[in-house]
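Coordinate-derived values only; no laboratory data. This is a predicted model, so every value here is computed, not measured. Cβ sites come from the backbone with ideal geometry, for glycine too, and all protein chains shown count toward neighbours.
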């Protein structure tokens with residue numbers, strides 16, 4: 001039978017399939033150091049954008065180019081903006097929400113600033129006497 005357990009001959013050693021090589025500890029690259037190609041590419045892209053500007057002739061420099069990009073190619077600009085923003089924002093909020101007012105506004109009407117002030121004003125407090133219970137009678 002081909003799957004029978006047979007002892008290996010004496011002195012038979014299997015070579016390691018993926019031998020690990022011992023590495024000498026060296027200084028390596030300092031933490032936070034950017035690859036030269038990445039750094040050069042970033043500098044080149046930034047300089048090219050600054051030279052292009054908002055009109056192709058350098059008007060406004062890098063800011064002008066980014067304004068051009070935001071106007072003419074908003075998807076590309078949003079992608080750049082998304083790479084700049086942090087993935088998670090952490091912070092502590094010491095405010096408590098006491099009330100949420102939901103106001104229905106017809107689809108063909110817009111609220112004026114006066115309407116917003118009127119809606120945002122706190123509702124007047126209602127003073128009332130507690131109702132007498134029937135059990136006391």
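In this structure, residue 101 and residue 132 have a Cβ-Cβ separation that, at R0 = 25 Å, corresponds to a calculated FRET efficiency of about 0.15.
Length gained on full extension, residue 70 to residue 110, computed as 0.36 nm times the residue gap minus the Cα-Cα distance: 11.6 nm.
Across the chain, C-alpha contacts under 8 Å between residues 6 or more apart give a mean separation that, scaled by the residue count, equals a relative contact order of 7 percent.
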